[in-house]
Amino acid sequence: MAYFKWTVTILFWLLVAAFLHYTLPRWDVVMISNTESKRERPADVPLFWSSANPPSEVRDVYYIQAQTEARKVRVYRNEDTGYGWPPFFKFDTSDLQAEAAGLTSTFADPTWVAIKHYGWRINLISIYPNALRIKQVDGPDVRVIPWTSIVILIVLAAAYWALRVRWLRFRE
């Protein structure tokens, strides 16, 4: 019974960690190499699309293609989150795409940007992280601190601690 309890507990916390890793925003410092728009039907994997449109609907999906300093390719989708989950209330997809197009460059004369995004890149099922914000930075070695994620994690840890203490007092 103890093995079952520990297995369930570990699986629960792994799911919580995976959920937070997918949902909380992160920053990547990259050089934007291209932007494009494609007509797609995201019905294949509707869980990873944030738009409130029906998954069977064909729509324009914006993509931002970038590279890191080590020339690793990063591709971001750019779509509104609206009022859905995760609650980033992003409604400026076209503006962000225009900003990204204006910041395109090459390695001969690079323009480095920090892209705030959430989500995972899963090659097997063509899932891309969703870009939330772009800001120009001085170089590829700039470190951007994810304050939003830090605050959310502190609040969640405090809530967990408060509930745990109350539960332990209740059991006494």
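Details
- Ranking by accessible area, most exposed first, for 79, 99, 172, 40 with a 1.4 Å probe: 172, 99, 40, 79
- In the chain, a dipole from Cβ-located charges (positive for Lys and Arg, negative for Asp and Glu) runs towards its positive end, and of 8, 81, 101 it is 8 whose Cα lies farthest in that direction.
- Between helix 2-23 and the chain: long-axis angle, C-alpha atoms, 0 to 90°, nearest 10: 30
- Helix axis angle, 93-102 relative to the chain longest principal axis, alpha carbon, degrees: 50
- Gain upon complete extension [residue 124, residue 10; 0.36 nm per residue less C-alpha separation]: 38.4 nm
- Once both labels are positioned 7 Å from their Cα atoms along Cα-to-Cβ, the gap between residue 165 and residue 98 label points is 5.0 nm.
- Extension reserve of the residue 109-residue 3 stretch, reckoned as 0.36 nm per residue once the Cα distance is removed: 32.4 nm
- In degrees, nearest ten, helix 147-171 long axis to first principal axis of the chain (Cα): 10
- For the chain: accessible area per residue (Å², 1.4 Å): 66
- Identified option (computed Cα Rg over 2.2 N^0.38 Å; candidates [x] 1.18; [y] 1.24; [z] 1.08): [y]
- Counting only Cβ charges, +1 for Lys and Arg and -1 for Asp and Glu, the dipole size of the chain around its Cα centre is about 860 debye.
- Measuring between their Cα centroids, region 110-124 and region 143-172 lie 28 Å from each other.
The values are calculated or read from the model by the stated rules, or taken from the named source; none is laboratory data. Everything numeric in this text was worked out from a predicted model, so none of it was measured. Here Cβ is always computed from backbone atoms with ideal geometry, including for glycine, and neighbour counts include all displayed protein chains. Side chains are part of the model used for accessible areas, which takes the heavy atoms of the whole protein and leaves out ligands, DNA and RNA. Shrake-Rupley method; radii C 1.70, N 1.55, O 1.52, S 1.80 Å.
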